[in-house]
């Protein structure tokens, strides 16, 4: 079994959670896990990663406070040529989607994007991707010397990371100037009225809610349960709820104690943002909706009939 190498993703001095997810999976595959940390001020960052890998490779680059694909590609091209890991992992994030294709072309190696699982089989790397809106999974294999995988956030639980010896090795590479891209700063999104990522109970609506006139009914249920209202992407696209309520890969990742999905089909983009919930309850008219594959409890029915019944039961319990 070949080595697994993890590219550490960081932003504003914080390690992104996807890094710990990838490290957890890498630990399950290989006793020797290497991580690569690239940037300018690495002293604090490296201590947040080093305990969870066999070796942490640190590459200090003056002036590189935040991600820039040009120097990253130069560094990783040289590093992978030297070390020859079987797998290089990076997040399926804005960073990974920017870097993986160009790095794959530069090295002539296989790239599999947006994977939800991966491993080794007969010396080859396999990875699982969801297709057809999450209704099917495709198992993809790559036989190049190194395979680059971008991993979907939320695919692995970072809890229970093992403590490794965590040796550090500082490496340097000659870099040509990178004039084409320059980091200017972050544009802050407006602060949300409600932070759905901190909620213990979430009632989330999809297209099955029917229309904006039915949103208050779902909100009433959320309030009755002491929770907050969230939604899937189509609801935001239609303008029924604001973007800060969206759960999924293009929205927010939530891990509440209870997640109630009302009229949500369960596309993989949405499921990736909520499958960490301790309990998932789904209501959908379609008995074959993918949401039932991740739900702990399911109701096949019309949400506009189910919600009033739930509200009546809650009112009865309070009497």
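Quick note: the coordinates plus some simple rules give every number you see, no bench work behind them. As the structure is a prediction and not an experimental result, all values here were calculated from the model. Please note: Cβ atoms are built from the backbone with ideal geometry, for glycine as well, and neighbour counts cover all protein chains shown.
Odds and ends about this structure:
- Translational D in µm²/s for segment 56-146 (Stokes-Einstein at 37 °C, 0.692 mPa s, Kirkwood Rh from C-alpha pairs): 227
- Calculated from the structure at hand, Rg/Rh (Cα atoms, Kirkwood Rh) is found among (1) 0.94; (2) 1.03; (3) 1.10 as (2).
- Volume in Å³ per residue [convex hull over Cα atoms, computed for segment 196-318]: 89
- Mean separation of Cα contacts under 8 Å, 6 or more apart, over the residue count of segment 196-318: relative contact order %: 24
- As a proxy for reagent exposure, ranking 46, 223 by other Cβ atoms within 10 Å from fewest up yields 223, 46.
- Most to least packed among 250-263, 59-72 [average Cβ atoms within 10 Å]: 250-263, 59-72
- Fraction in percent of alpha-carbon pairs per bin - 10 Å, segment 133-281: 9, 30, 26, 20, 12, 4, 0
- Look at the alpha carbon pairs under 8 Å that are at least 6 residues apart: their mean separation over the length of the chain gives a relative contact order of 15 percent.
- Short-range pairs are left out: with C-alpha atoms under 8 Å and at least six residues apart, the relative contact order of segment 160-255 is 25 percent.
- Peptides ranked, highest mean first, by Cβ atoms within 10 Å: ranges 295-306, 154-165: 295-306, 154-165
- For the pair residue 106 and residue 66 in one chain, pulling the backbone fully straight at 0.36 nm per residue adds 12.2 nm over the alpha carbon distance.
- Cα gyration tensor shape for segment 59-211, rounded if a/c is under 1.5, else prolate or oblate: oblate
- A crude spin-label estimate for the pair residue 316 and residue 286, with each label 7 Å from Cα along the Cβ direction, gives 3.2 nm.
- Label-reachable residues, segment 45-59, where backbone N falls under 19 Å from a point 7 Å from residue 169's Cα toward its Cβ: 46-47, 49-59
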